[in-house]
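Heads up, the thing below is written out as structure tokens.
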Amino acid sequence: AEREDVDPYGFERSEDFDYSSYEELMSVYLAVLTRRSIKWSKLLKGKHRVQKNVKYLNRTFPDNIHFRKSSERSLLASLYNVLRAYGHHNPDVGYCQGMNFIAGYLLLITKDEEKSFWLMDALIGRILPDYYTPVMLGLKTDQEVLGELVRLKAPGVWRTMLDNNVLWSLVVSRWFICLFIDVLPVETVLRIWDCLFYEGSKILFRVALTLIHRHQTEIQTASSLPDVCDVFKRMTRGPFVDESHAFMQRIFTETGSLSRTTLTKLRTKCRAKLTEEES
Amino acid sequence: MDTSVSLIQEKEPAIIKIIIIGNSGVGKSSFMNRYVNHRFTNLYRATIGMDFLSKSETLDGESVTVQIWDTAGTERFQSLGSPLYRGTHCCMLVFDVTSKISFSALEQWRKEFLIQGEPKNPDTFPFVVLGNKTDLPDREVSSRRARQWCERFGAEYFEGSAKDDIDVEKTFLRAAHMGLQQYKKHTLENTGHFQITCKQPRETGNNCQC
């Protein structure tokens, strides 16, 4: 039986414990919890046009035993729930391919739909710019921003890209959309995500710049568009990225400082340029 | 690209660029991988962004490099992939014979290609239409219907299965052939094989304070 003189964490309550004010405190908190749980159950219900887009989810991680229809406690149903709930919650974004990978990773780690949902909301709604909206302006902006940063930090690479007509979106769109899922090894991705949640979207540039800077000689010796693309594929494999601890240290040293101010300025500049071009 | 480079490159095998477009899940990546790597797996993940594979072929005694560009079928990613439509020599429109929706979408895909790819000869540009997944029983689009649609704009129709390796090679070889004709007619005069140009001129002026 539950002992009243022990709190939910296991600490014994002192004799003068103020039960009535504690009760009051809890009733406020309980209301918050209830609101949240009602919100969650509402999100799971109701029809929305997102549903038709949330298909082919079995193509998320077909090589993962937890994401097979046949597996005993398949996460596919949870994946569907999280994505559908997110579509209801944020109709401007709805569902965009790539979000399935993100929700999938969150489920693998938290093993909890609701937690995955809120973490996803933190990522998409707060940490990342608008990567997944229909026009994907945030994504296009960040690809150009990366180009500008490469121009500053590895001008030779920037030149090579220009000479071979390699659009940044060709080589890095997956990096940004999937937040390095399926690009880098799982362990490394998770380490990157720790930093991403903690420090914000700047981390994505640190990782991208580190990969590019580290392989600048190879990129610069490429003499055609296919060659450049091959180097970009190769550089996401091998011991440099497998050794996740060393890699995470490198991302803070490899390319020197990267201030928030620089990033904000570049984002403003590139976004304005893109908007102008598209109008 | 300056002309001296293209003169040297004329000795090199011509690069025939084929782009594969169509709805999500129709089997674009599967078809490409079957052709290039002779493999099929159910384990493909949805394509994010784009990718390409190259294969050497001999067409009419001439060796060429067939460069196949695989794109994501998701509507949202179209604007990311469409800059790559330029410089294409043959466009492969893919649908799933068990999905009417994927077939009706081809009209829109074709239009989008012509707008973004800006071929010089939109009326005669070579299109190959491919109905994939003929190995499945519940067919929704008949060959007749597909052929009828193709006739309207002179596309060639093929159908087959990446899974069972039916008519994959044939389809690509025909696309490569048509691409080679397009290449000879319309690309050689343009110098350089890649006509993918950066939309935005990257100015060199230093107006950045960071």
Which numbered condition B:Arg76 misses (of (1) under 28 Å from A:Asp230 (Cβ atoms); (2) touching a Cys at 6+ places or on another chain (Cβ under 6 Å); (3) away from every other protein chain (no Cβ under 14 Å)): (3)
Yes/no for A:Thr210 being farther than 28 Å from A:Pro62 by Cβ and either among the polar types (S, T, N, Q) or surrounded by fewer than 16 Cβ atoms within 10 Å (Cβ to Cβ) (or both): yes
Meets criteria (within 14 Å of chain B (Cβ to nearest Cβ), within 15 Å of A:Glu148 (Cβ to Cβ) and crowded, with 16+ Cβ neighbours inside 10 Å) for A:Leu225: no
Selected residue [in the same structural domain as A:Asp142 (by TED's automatic domain parsing), closer than 15 Å to A:Ile102 by Cβ and either among the acidic types (Asp, Glu) or in contact (Cβ under 8 Å) with a residue 40 or more places away in the chain (or both)] from A:Leu184, A:Leu170: A:Leu184
Region A:214-249, residues that are touching a residue at least 24 places away in the same chain (Cβ under 8 Å), closer than 16 Å to A:Ala154 by Cα and in a helix (DSSP H, G or I): A:Arg214, A:Gln216, A:Ile219, A:Gln220, A:Val228, A:Phe232
Residue count, region A:57-109 (criterion: among the acidic types (Asp, Glu), under 16 Å from A:Gly125 (Cα atoms) and more than 13 Å from chain B (Cβ to nearest Cβ)): 0
Checklist (1) part of a helix (DSSP H, G or I); (2) more than 10 Å from chain B (Cβ to nearest Cβ); (3) under 20 Å from A:Leu196 (Cα atoms) applied to A:Pro129, failing item: (1)
Residue list for region B:58-85, filter: assigned to a helix (DSSP H, G or I) and of a type in the set (D, E, K, R): B:Glu75, B:Arg76
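One line per residue, one yes/no per condition, for (1) free of Cβ contacts under 8 Å to residues at least 12 places away in the same chain; (2) not acidic (Asp, Glu):
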residue: A:Ile102; (1), (2): no, yes
residue: A:Thr110; (1), (2): yes, yes
residue: A:Glu113; (1), (2): no, no
residue: A:Phe117; (1), (2): no, yes
residue: A:Tyr132; (1), (2): no, yes
residue: A:Glu148; (1), (2): no, no
residue: A:Ala154; (1), (2): no, yes
residue: A:Val157; (1), (2): no, yes
residue: A:Asn164; (1), (2): no, yes
Among (1) among the polar types (S, T, N, Q); (2) within 10 Å of another protein chain (Cβ to nearest Cβ); (3) within 13 Å of the chain's Cα centre (by Cα) - the single one B:Asn42 does not satisfy: (3)
Complete set of residues in region A:63-93 that are touching a His at 6+ places or on another chain (Cβ under 8 Å) and crowded, with 20+ Cβ neighbours inside 10 Å: A:Leu75, A:Arg84, A:Gly87
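Within region A:106-141, take every residue that is of a type in the set (Asp, Glu) and out of contact with any helix residue (DSSP H, G or I) (no Cβ under 6 Å at 6 or more places or on another chain) and give me the one that is farthest from A:Asn64 (Cα to Cα).
Filtering region A:106-141 for residues of a type in the set (Asp, Glu) gives A:112-114, A:121, A:130.
Cutting the leftovers down to out of contact with any helix residue (DSSP H, G or I) (no Cβ under 6 Å at 6 or more places or on another chain) gives us A:112, A:121.
Values: A:Asp112: 17, A:Asp121: 24 Å.
For region A:106-141, the residue satisfying everything is A:Asp121.
Looking at this structure, is A:Val135 over 12 Å from the mean Cα position of the chain (by Cα), within 11 Å of chain B (Cβ to nearest Cβ) and β-branched (Val, Ile, Thr)?
Working: over 12 Å from the mean Cα position of the chain (by Cα): yes; within 11 Å of chain B (Cβ to nearest Cβ): yes; β-branched (Val, Ile, Thr): yes.
Yes.
Could you please let me know if A:Arg35 is within 14 Å of chain B (Cβ to nearest Cβ), of a type in the set (Lys, Arg) and either free of Cβ contacts under 8 Å to residues at least 40 places away in the same chain or in contact with a strand residue (DSSP E or B) (Cβ under 8 Å, 6 or more places away or on another chain) (or both)?
Criteria not met by A:Arg35.
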Residue within region A:91-101 that is closer than 27 Å to B:Thr71 by Cα, modelled with pLDDT under 90, among the acidic types (Asp, Glu) and assigned to a loop (DSSP other than H, G, I, E, B) present: no
Any hit, region B:99-120, residues being crowded, with 20+ Cβ neighbours inside 10 Å, among the charged types (D, E, K, R) and touching a strand residue (DSSP E or B) at 6+ places or on another chain (Cβ under 8 Å): no
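For region B:21-48, what are the residues that are in contact with a helix residue (DSSP H, G or I) (Cβ under 7 Å, 6 or more places away or on another chain) and farther than 20 Å from A:Gly98 by Cβ?
Restricting attention to region B:21-48, the residues satisfying the condition of being in contact with a helix residue (DSSP H, G or I) (Cβ under 7 Å, 6 or more places away or on another chain) are B:21-23, B:26, B:31, B:34-35, B:39-40, B:44-48.
Within region B:21-48, B:Phe31, B:Arg34, B:Tyr35, B:Arg39, B:Phe40 qualify.
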B:Gly61 at pLDDT below 95 and within 22 Å of A:Cys178 (Cα to Cα): no
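Considering only residues that are more than 8 Å from every other protein chain (Cβ to nearest Cβ) and of a type in the set (A, V, I, L, M), which ones fall in region A:167-180? Spell out the reasoning first.
Start the filter on region A:167-180 by keeping residues that are more than 8 Å from every other protein chain (Cβ to nearest Cβ), which leaves A:168, A:171-172, A:175-176, A:179-180.
Those that are more than 8 Å from every other protein chain (Cβ to nearest Cβ) and of a type in the set (A, V, I, L, M): A:Val171, A:Val172, A:Leu179.
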Subset of region B:15-39 that is assigned to a loop (DSSP other than H, G, I, E, B) and within 12 Å of chain A (Cβ to nearest Cβ) - its residue that is nearest to B:Phe172 (Cα to Cα): B:Gly27
Residue within region A:210-217 that is at pLDDT 95 or above and more than 16 Å from A:Arg151 (Cα to Cα) present: no
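The values are calculated or read from the model by the stated rules, or taken from the named source; none is laboratory data. Only a predicted model underlies this, so the values are computations on that prediction, with no experimental measurement involved. Quick reminder, even Gly has a Cβ in these numbers, built from the backbone with ideal geometry, and neighbours come from all protein chains shown.
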